[in-house]
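The structure appears below as structure tokens.
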Amino acid sequence: MAPHATTPPPSSSPYHTQQHHPITVLASSRAIISGRLTEATLIISTTTGKITSIFHSILQQSDFPPETPYIDYSPRILLPGLVDAHVHLNEPGRTEWEGFWTGTRAAAFGGVTTVIDMPLNAIPPTTTVARLHEKVEAAKGQCWVDVGFYGGIVPGNAGELKALVKEGVRGFKGFLIDSGVEEFPAVSVDDITPAMKELANEATTLMFHAEMIPPITASTSDDMQHSHPPPALSGPLNVYQTFLDSRPPSFETYAIAEILSLAPLAPQLPLHIVHLSAVEAIPLLREARRNGVRVTAETCFHYLSLAAEGVRAGDTRHKCCPPIRAQANQDGLWAELRQDRAGGVIQTVVSDHSPCTPALKLLPPELETARGKAQGQEEGAEAERGDFFAAWGGISSVGLGLPILWTEGTRRDANFSIEDVVRWCCRNTAKQVGLERTKGDLGVGFDADIVVFDDEESFVVERSTMLFRNKCSPYENKMLKGVVKETWLRGQRIFSREDGFAEKGGPSGKLLLEPRKTRA
Ligand SMILES: [Zn+2]
């Protein structure tokens, strides 16, 4: 028996005496169990889909009754399924941008077994209980992985928030700047104040898109509130630096200072900054945490792997808000992220998968030909092609995050450990959305959401490996290291790289609507 076995060995277990063997056994010389790399054998109940016991050694098939399904994946790594806590699935209402079916298949392909859907870009947005119900109806029967939902904070909906918590939303998000869609308006202090009072004692998290226009500077005006180009452009509209200059780090620091100033209204309510990009905001957040403010931040795969210096003129696939910044900023984000166990402010990494139709990305013809002419491109004004201000802001990457982080992490540090990825993308994201008892870890009692990961193999991001609806992503044609060979959801193999999806059974994702019990 292994020294850390959590239950007695099978010879003395009931498995040998049962007539039926309702278990599946997965083993490997490498698995991340409770955050640590170890050899392991996982016993999964096929009835509950949960992990019922774990041995910190590789048991043999002969240790189990003859018909027991048993796979030894050595030396591939068994990881907990990723929890992507920031995804826009856009259905209903903008299903041509993305949908539950396509978005969750892309997730499963990349080892993401839980996604949390953002409250905006679907129509209607998730800002009332009735609207949440509409979204849930649209999602039913379409999800290949488990899906949870956030609610939105918009002007005038504070009265809905407690009811949304009871309906099982995982947290709330508001914008301090134009969201890009008119049905999800930004909030001001006058809206945030009642929202914080409503949520002060609830088991939830209040999150913000933290960009805000500081009092007038040369590069800004009221027009910027509505995503129009600022009056004082620093260069041509199709040059990335022009766009980057228009959304300086001060937008993020100003917004974060504003949020932190409101924190005393609800001292117990966890606050969270979504998609932090500017390293200049880190000292502010560190200081707040030192003073006892409950605030965390996430960053995104793209801020950790792409840099402004590498964005070609007109390549609007890179447009997102806040923007991808300079290489030095990327280095700073990595440095902070690697401090996560020592109290760093960035605890999680998410995709912020926010797609649109190719037409709305307004790609110039030379970039378009690489993947065939975008349908409906003619809808986009010819003159606006390659215009970073006119193009939709959002990056498509759901399901690519694990190899993106693995590629970049190992490039930076030969000793980079997959344990870090599991902390940032599984354990901490699960905790952020109140799923830390069932998701984000391989442990007894957890859902058997398991990724079989080949950390040596590489692949090219192309049409066949981008399963989201619109094949338009800055990662296209890039070589990534690390291949998800299989994805298991609650004890069932839902995807394998060799055989594809378990189409016969159809999508088996659950909607995660049980109200959360814990704060982040
Ligand atoms: Zn987003």
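With an a/c value of 1.5 or above and a/b not larger than b/c for the gyration tensor axes a ≥ b ≥ c computed over the alpha-carbon atoms, the stretch 312-354 is described as oblate. Three principal axis extents describe the C-alpha atoms of the stretch 23-131; from largest down they are 54, 27, 23 Å. Applying 1/(1 + (r/R0)^6) with r as the Cβ-Cβ distance of residue 341 and residue 130 and R0 = 56 angstrom yields a FRET efficiency of 0.85.
With the cut-off at under 19 Å, measuring from each backbone N in the stretch 451-470 to a point 7 Å along the Cα-to-Cβ line of residue 492 picks out 451-452.
Helices in the chain, meaning DSSP H runs of at least 4 residues, each add -39500 (n - 2.57). Divided by all residues, the mean residue ellipticity at 222 nm is -6000 deg cm²/dmol. The dipole here belongs to the stretch 294-346: it is taken about the Cα centre, uses +1 on the Cβ of Lys and Arg and -1 on the Cβ of Asp and Glu, and is about 120 debye.
Decide, for the stretch 258-338, between rounded, prolate and oblate: order the square roots of the alpha carbon gyration tensor eigenvalues as a ≥ b ≥ c, take rounded if a/c falls under 1.5, and otherwise choose prolate if a/b is larger than b/c, else oblate. Judged from the Cα gyration tensor, the stretch 258-338 comes out prolate (a/c at least 1.5, a/b above b/c). Using the average count of surrounding beta-carbon atoms within 10 Å as a protection proxy, the listed peptides 403-415, 81-93, 243-255 rank, highest first, as 81-93, 243-255, 403-415.
Hey, any idea what % of the stretch 436-491's accessible area is carbon plus sulfur with a 1.4 Å probe? For the stretch 436-491, the apolar C and S fraction of the accessible surface comes to 45 percent. Subtracting the Cα-Cα distance of residue 309 and residue 45 from their residue separation scaled by 0.36 nm leaves 90.0 nm.
Between the residues 141, 451, 398, the greatest Cα displacement towards the positive end of the dipole of the chain, with unit charges on the Cβ of Lys, Arg, Asp and Glu, is found for 451. For the chain, state what percent of all Cα-Cα pairs lands in each successive 20 Å bin, counting from 0 Å until the bin that includes the largest distance. For the chain, the binned pair fractions read 23, 57, 19, 1 percent. The percentage of C-alpha pairs in the stretch 477-520 whose separation is greater than 11 Å is 76%.
Peptides 256-269, 307-320 ranked from most to least packed, by the mean per-residue count of other Cβ atoms within 10 Å: 307-320, 256-269.
Quick check: the distance between the Cα centres of the stretch 252-282 and the stretch 291-353, to the nearest angstrom? Cα centres, the stretch 252-282 to the stretch 291-353: 15 Å. Estimated from the Cβ-Cβ distance and a Förster radius of 41 angstrom, the FRET efficiency linking residue 503 and residue 163 is about 0.60. Computed over the stretch 397-459, relative contact order equals 19 percent, with contacts defined as Cα pairs under 8 Å that lie 6+ residues apart. Judged by the ratio a/c of the largest to the smallest principal axis of the C-alpha gyration tensor, the stretch 244-385 counts as prolate, that ratio being 1.5 or greater while a/b is larger than b/c. Each Lys and Arg contributes +1 and each Asp and Glu -1, all at the Cβ; summed about the Cα centre of the stretch 240-311, the dipole is approximately 320 debye. Per residue, the solvent-accessible area of the chain (1.4 Å probe, heavy atoms of protein chains only, all protein chains present) comes to 37 Å². Dipole magnitude for the chain: about 1240 debye, using +1 per Lys or Arg Cβ and -1 per Asp or Glu Cβ, origin at the Cα centre.
For the stretch 129-288, the relative contact order comes to 21 percent (Cα pairs under 8 Å, sequence separation of at least 6). For the chain, relative contact order (Cα pairs under 8 Å, six or more residues apart, normalised by length) works out to 20 percent.
The values are calculated or read from the model by the stated rules, or taken from the named source; none is laboratory data. Just so it is clear, the model here is predicted, and its values are computed rather than measured. Methodologically, a virtual Cβ is constructed for each residue, glycine included, from the backbone with ideal geometry; neighbour enumeration extends over all protein chains shown. The accessibility values were calculated without ligands, DNA or RNA, using every heavy atom of the protein model including side chains. Shrake-Rupley method; radii C 1.70, N 1.55, O 1.52, S 1.80 Å.
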